[in-house]
Structure formats: C-alpha cells, structure tokens
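Structure first, commentary second.
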Amino acid sequence: MKSNIFELKKIKKILLFTILLIFVFEYFSIPSYSIQLLKKKNPEKTALMLQRIKERGGNLKIIQQWVPLSRISPHLIHAIIVAEDGTFYEHGGIDWYEVQESIEKNIEELRAARGASTITQQLAKNLYLYTSKNPLRKIKELIITLRMERYLTKNRILEIYLNVIEFGNGIFGVESAARRYFGKSSNELDRYESARLAAIIPSPLRHSPLENSRWLKYRTNIILNRMEARGW
C-alpha cells in the first residue's frame with residue numbers, strides 16, 4: 001500500500017515537471033503581438049465563434065453588438081464578477097492554487113475532472129483557442145492569460161470579455177444577450193435580470209435566463225447573495 005502511494009507521488013512529480021517544461025517552451029514560442037493590439041483594437045470573430053459556426057455547418061449567424069464598459073449596467077458587471085471570478089481585480093490572471101488543485105485532481109482521475117478558470121483565462125480560451133480539454137490547450141491558455149495581464153488593463157480585459165462571452169446559439173456579448181432575452185440595452189438591466197444572465201454563463205447552450213428551472217433559481221440566488229455580501 002505504501003509502495004503504491006509512493007509511486008503515485010512520484011508519477012505526480014514527473015507529470016508536473018513535464019507540464020512545467022512544456023509551459024516554458026510554449027511561453028517563448030507563442031507570439032504576443034496580436035494580444036498587444038487588443039489595447040485599442042476590438043477583436044473580430046473569436047476562436048469560439050468560428051468553432052460554433054463550424055459545428056453548425058457554416059450556417060450559424062453571429063449576433064454581437066459591441067459596447068464600452070461604461071455603457072454596461074454596474075449590476076451586470078458585479079453579477080458576472082461574483083459568478084465567474086470574485087477576485088478578478090486582485091489576482092494576476094491565474095489562481096495558482098486552483099490550477100495546482102486542478103492538475104492534481106485531473107492526474108488522479110486521469111481525466112479533466114476539475115477546472116480552474118478566471119475571467120482572463122476564459123477570455124484567452126474564447127479569443128484564441130477552442131473548448132477542447134486537451135492538456136496542451138490548457139497550457140497555451142495559461143500563457144496567453146499571462147500575456148494579456150501583462151499588456152492589458154483589468155478594465156480592458158473585462159470589457160472584451162463582456163463583449164465576446166457566449167449567451168446562447170449565435171448570441172455573443174452582454175448587449176446582444178440583454179436585447180435578445182430582456183428587450184433592453186445592457187445598461188438598463190436590474191440586479192435580478194443581471195444575476196439571471198450571469199447564471200447561465202457556464203452552460204449558455206443548455207440554459208436560458210428566462211427559463212423557470214430549479215437550477216437557474218439556485219444559481220441566481222447564489223449570485224444575488226454574493227452581490228449583497230459585497231454591498232452590491
């Protein structure tokens with residue numbers, strides 16, 4: 001029994017060291033110019049958009065309307081932060097504790113059993129990568145995340161994220177989602193509407209902010225409670 005535990009720990013160390021080597025190699029091989037352009041240039045079609053179009057045989061119409069951060073309801077901004085990344089303004093793009101826990105859990109179960117994505121990581125994946133859980137893709141995501149945090153301000157990262165995030169079939173960005181589901185602009189959403197919209201972010205193709213499911217009510221209440229705890 002002790003021998004098996006020792007072997008498992010040894011395997012974990014070897015795998016973590018291998019991942020570190022791959023990370024270092026990929027870090028110096030991925031160009032950062034396109035990320036620097038995001039300081040002033042809004043992205044066009046993201047990798048996720050192109051993936052969804054391909055999945056639908058090229059017949060998916062992308063609905064997106066870009067809005068600056070200043071024209072998005074503070075309720076919606078707060079709801080999405082507490083729902084997806086409560087320490088967004090405090091960390092450097094990556095929650096390293098969560099990454100370590102995720103890697104160890106996935107190694108133990110030999111599958112992608114646990115995720116650990118901040119808002120910046122989600123944006124990196126949506127802009128440049130695909131939804132596959134390939135380990136190499138995750139490493140590239142971490143590298144792009146670090147580059148984004150280096151070249152872009154937190155508010156710019158958040159602004160891009162809010163404008164490209166998926167909210168349904170072909171619906172991308174908070175403005176399009178607000179108009180599609182609530183018939184109003186994103187700067188007019190109240191706390192409850194904002195919480196319902198933020199609640200579907202993990203599963204935007206399976207759920208709608210207008211549905212009357214127990215799952216959505218549960219998620220919405222959690223988000224509202226978190227907002228209230230912060231005085232939002």
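The numbers here are math on the coordinates, done by the rules we state, and not lab data. All figures in this text were calculated on a predicted structure; none of them were measured in a lab. Every residue, glycine among them, receives a Cβ derived from its backbone with ideal geometry; neighbour counts consider all protein chains shown.
Data table
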quantity: Modelled FRET efficiency - R0 25 Å, ARG137 with LYS39, Cβ distances, 0.05 increments; calculated: 0.50
quantity: Order of ILE72, ILE62 - criterion: other Cβ atoms within 10 Å of each residue's Cβ, fewest first; calculated: ILE62, ILE72
quantity: At 1.002 mPa s and 20 °C, Stokes D of segment 146-219 from Kirkwood alpha-carbon radius, µm² per second; calculated: 164 µm²/s
quantity: Karplus (6.51, -1.76, 1.60) ³J(HN,Hα), θ = phi - 60°, over segment 166-178, in Hz, Gly and Pro reported as x; calculated: 7, 10, x, 4, x, 9, 10, x, 5, 5, 4, 5, 4
quantity: Efficiency of FRET between LYS154 and SER213 - r from beta-carbon atoms, R0 30 angstrom, step 0.05; calculated: 0.35
quantity: Inter-site label distance for TRP66 and ALA229 at 7 Å from Cα along Cβ, in nm; calculated: 3.6 nm
quantity: Net dipole in debye of segment 121-232 [+1 Lys, Arg Cβ; -1 Asp, Glu Cβ; about Cα centre; nearest 20]; calculated: 420 debye
quantity: For ILE63, residues with placed amide H under 5 Å, excluding near neighbours; calculated: ILE171, PHE172
quantity: Rough spin-label spacing in nm, given labels placed 7 Å along Cα→Cβ, for ARG180 and ARG56; calculated: 0.8 nm
